[in-house]
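A short write-up of the structure that comes next.
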Amino acid sequence: MVNPSGPTNTVAATEATPGSSGYLELYPERKVSLLKNPYILGVTAAAGIGGLLFGYDTGVISGALLYIKDDFEVVNRSSFLQETIVSMALVGAIIGAATGGWINDVFGRKKATLSADVVFTVGSIVLAAAPDPYVLIFGRLLVGLGVGIASVTAPVYIAESSPAEIRGSLVSTNVLMITGGQFLSYLINLAFTEVPGTWRWMLGVAALPSIIQFFVMICLPESPRWLFLKNRKDEAVTVLTKIYDYERLEDEVDYLTALSEQDRQKRKNIKYADVFRSKEIRIAFFVGGGLQAFQQFTGISIAMYYSPTIIQLAGFSSNQLALLISLIVAGMNAAGTILGIYLIDHAGRRKLALTSLSGSVVALAVLSAGCYLAASDSTNTLYGWIAVIGLALYILFFAPGMGPVPWTVNSEIYPEEFRGVCGGMSATVNWICSVIMSESFLSISDAVGLGGSFVILGAIAVVAFFFVLFFVPETKGLTFEEVSLIWKRRAWCEYGGGDIYISPTSYITLRKGVLYPYI
């Protein structure tokens, strides 16, 4: 609804919205520092173990597959079986992510995390004991279920427990845990290369962090936002006292109390189909799901699942050397994510994604050229090193931007009543696209060559750049409610201006795409 007469009061709405830029300008002493609150860091680290499991599962199979092929001749002879062993975890993750949003909304973020840990632990044990490739595939399915639920839950749990001013950095810490898990997986792969039952140790040891997270999460509280939604205000206030000082605590409690009843009424009737019936949510999901799709279609799963295989195809035949180079690449991925944690709340989500995609296009061109040259002359190791340099450059550009940005944006762009549903749906998009990439990569490389496959990824990265440029808004420093106003503007207002009706006394004025809030 548009108000033709315009707002009658010029008091900024952000002054009344705890955590917003206007609020923190008025009360700079109430700003929460990233490194000065042990509780927030503890919650982030505990929830981030889900990201560690995500990353470990992504990375470990790339090395384990080299030895699985040695133990099972049928796998060695079949590219399809190799792709299935890799991608079956992604099929499980699709199911886990699709149901994870519902589990989060009904049972809470804490119980969703605990359930993911149980399923992941059972899957890891099945993998370690698998007598044949088909039981191995079933174990990968179970592990994927756990990873899928965790991939939905961890970003939402962290975001809802975080002050708005450091939310991007904290959610990005979950992505750091993903890249750290990938790095750890290559270390484990190298450590067990000479141990009997090599791949069984590689896959089975993943049960340890999931067991640790299970017992740590038992001691942690629920997300305060979810507690407010379930009318458990006293518990929510107890959690908030660990995050904010007294002055800001009062503002946060009053603000969340005012929102909670409205959110409860809205959420009672929320269905998956409502995402597409609401113009505002449809636009938000288009942006969130699109970012998740492009994260995968620009090749990160290929780089992490198949990096040892890519290195061998580029001319380095030794398993140990391939794993060592992959370890270095994974370390660069983790280092790049640390840079992203700093930049995401300073440079902003949009600028970071655009820079990341620009560099990825150049890196994929170098990687493609190296693969073409290596295929033309396999005796020249220089060509293989050009491919490795291209792979390293790709990770360096991708990790700070398109690694954390899709997960961070998806944790903050949906209204409370849609956050679990849309978070699960967007994570499902990510996993579906990851399955498509991992299940088709070897086959496409057989058809067009390794260099040709990276040309295709480079072209997709160009499309992704323009998607971000035209559709993704900047959400740095905005509260959840302020972000929701962006979608109201896009859905109901002319770009040149207009007032969005929020309540009988509250409007958001828009002039040339800029938000001007009033109460």
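The values are calculated or read from the model by the stated rules, or taken from the named source; none is laboratory data. Predicted model only: the values in this text are computed from it and were never measured. So basically every Cβ, Gly included, is an ideal-geometry build from the backbone, and we count neighbours across all protein chains shown. The area values use the complete protein model at the heavy-atom level, side chains included, leaving out ligands, DNA and RNA. Shrake-Rupley method; radii C 1.70, N 1.55, O 1.52, S 1.80 Å.
Of the residues that sit in the range 335-383 and are assigned to a helix (DSSP H, G or I), among the polar types (S, T, N, Q) and touching a residue at least 60 places away in the same chain (Cβ under 8 Å), which one is farthest from Phe467 (Cα to Cα)?
Within the range 335-383, the subset assigned to a helix (DSSP H, G or I) is 335-344, 349-376, 381-383.
Filter once more, so that each one left must be among the polar types (S, T, N, Q): 337, 355-356, 358, 360, 368, 376, 381.
With touching a residue at least 60 places away in the same chain (Cβ under 8 Å) added as a condition, the list becomes 337, 358, 360, 368, 381.
Numbers: Thr337: 22, Ser358: 13, Ser360: 15, Ser368: 23, Thr381: 38 Å.
Once the filter is applied, the top-ranked residue is Thr381.
Selection of first residues in the range 464-475 that are open to solvent by less than 60 Å² (accessible area, probe 1.4 Å) and of second residues that are modelled with pLDDT under 95 and among the acidic types (Asp, Glu), restricted to Cβ pairs under 7 Å at least 6 apart or on distinct chains, gives the following pairs, ordered by first then second residue: Thr475/Glu412. Being surrounded by fewer than 21 Cβ atoms within 10 Å (Cβ to Cβ), at pLDDT 85 or above and assigned to a helix (DSSP H, G or I) is a description that does not apply to Phe228. Of the residues making up the range 22-33, those that are open to solvent by less than 10 Å² (accessible area, probe 1.4 Å) and closer than 27 Å to Thr337 by Cα number 0. Among the residues of the range 34-64, those that are among the hydrophobic types (A, V, I, L, M, F, W, C), surrounded by fewer than 21 Cβ atoms within 10 Å (Cβ to Cβ) and over 19 Å from the mean Cα position of the chain (by Cα) comprise Leu34, Leu35.
Matching residues to (1) basic (Lys, Arg); (2) in contact with an Asp or Glu (Cβ under 7 Å, 6 or more places away or on another chain); (3) modelled with pLDDT of 90 or more; (4) in a helix (DSSP H, G or I):
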site: Leu391; (1), (2), (3), (4): no, no, no, yes
site: Tyr414; (1), (2), (3), (4): no, no, no, no
site: Glu417; (1), (2), (3), (4): no, yes, no, yes
site: Ala427; (1), (2), (3), (4): no, no, no, yes
site: Val435; (1), (2), (3), (4): no, no, no, yes
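Screening the candidates Ile68, Ile95, Ile103 for the property of being within 30 Å of Phe285 (Cβ to Cβ) and open to solvent by less than 40 Å² (accessible area, probe 1.4 Å) yields one hit, Ile103. For the range 292-300, the condition of being at pLDDT 75 or above, of a type in the set (Gly, Ala, Ser) and open to solvent by 10 Å² or more (accessible area, probe 1.4 Å) holds for at least one residue. Across the range 268-282, the qualifying residues are those that are surrounded by fewer than 18 Cβ atoms within 10 Å (Cβ to Cβ) and part of a helix (DSSP H, G or I), and the one among them that is modelled with the lowest pLDDT is Asp274. Which condition from (1) surrounded by 24 or more Cβ atoms within 10 Å (Cβ to Cβ); (2) more than 14 Å from the chain's Cα centre (by Cα); (3) modelled with pLDDT under 85; (4) not aliphatic (A, V, I, L, M) is the one that Thr198 breaks? Against the list (1) surrounded by 24 or more Cβ atoms within 10 Å (Cβ to Cβ); (2) more than 14 Å from the chain's Cα centre (by Cα); (3) modelled with pLDDT under 85; (4) not aliphatic (A, V, I, L, M), Thr198 comes up short only on (1). Within the range 157-189, can you find the residues that are farther than 30 Å from Leu65 by Cβ, over 10 Å from the mean Cα position of the chain (by Cα) and part of a helix (DSSP H, G or I)? Result: Tyr157, Ile158, Ala159, Glu160, Ala164, Glu165, Ile166, Arg167, Gly168, Ser169, Leu170. The number of residues in the range 346-395 being surrounded by fewer than 22 Cβ atoms within 10 Å (Cβ to Cβ) and under 30 Å from Pro163 (Cβ atoms) comes to 7.
Restricted to helices (runs of 4 or more DSSP H) entirely inside the range 17-91, those with at least 2 residues that are of a type in the set (Gly, Ala, Ser) are 21-26, 38-71. Mind checking which residues of the range 434-463 are β-branched (Val, Ile, Thr) and in contact (Cβ under 8 Å) with a residue 24 or more places away in the chain? Listed by number, the residues that qualify are Val435, Ile436, Val455, Ile460, Val462, Val463.
How about the range 476-514: which of its residues are under 21 Å from Glu165 (Cβ atoms), open to solvent by less than 30 Å² (accessible area, probe 1.4 Å) and modelled with pLDDT under 75? Hit for the range 476-514 is Ile508, nothing else.
Hey, can you tell me all the residues within the range 415-437 that are within 12 Å of the chain's Cα centre (by Cα) and of a type outside the set (S, T, N, Q)? Before you say what the answer is, go through the steps one by one.
Applying the first criterion (within 12 Å of the chain's Cα centre (by Cα)) to the range 415-437 yields 423-424, 426-431.
Gly423, Gly424, Ala427, Val429, Trp431 - these are the residues of the range 415-437 that are within 12 Å of the chain's Cα centre (by Cα) and of a type outside the set (S, T, N, Q).
Restrict the check to the range 75-91 and report whether at least one residue is of a type in the set (Lys, Arg) and in contact (Cβ under 8 Å) with a residue 12 or more places away in the chain. No, the range 75-91 contains no residue that is of a type in the set (Lys, Arg) and in contact (Cβ under 8 Å) with a residue 12 or more places away in the chain.
Can we say Ile188 is among the β-branched types (Val, Ile, Thr) and either open to solvent by 40 Å² or more (accessible area, probe 1.4 Å) or touching a Leu at 6+ places or on another chain (Cβ under 8 Å) (or both)? Write out each step before concluding.
Values: among the β-branched types (Val, Ile, Thr): yes; either open to solvent by 40 Å² or more (accessible area, probe 1.4 Å) or touching a Leu at 6+ places or on another chain (Cβ under 8 Å) (or both): no.
Answer is no for this residue.
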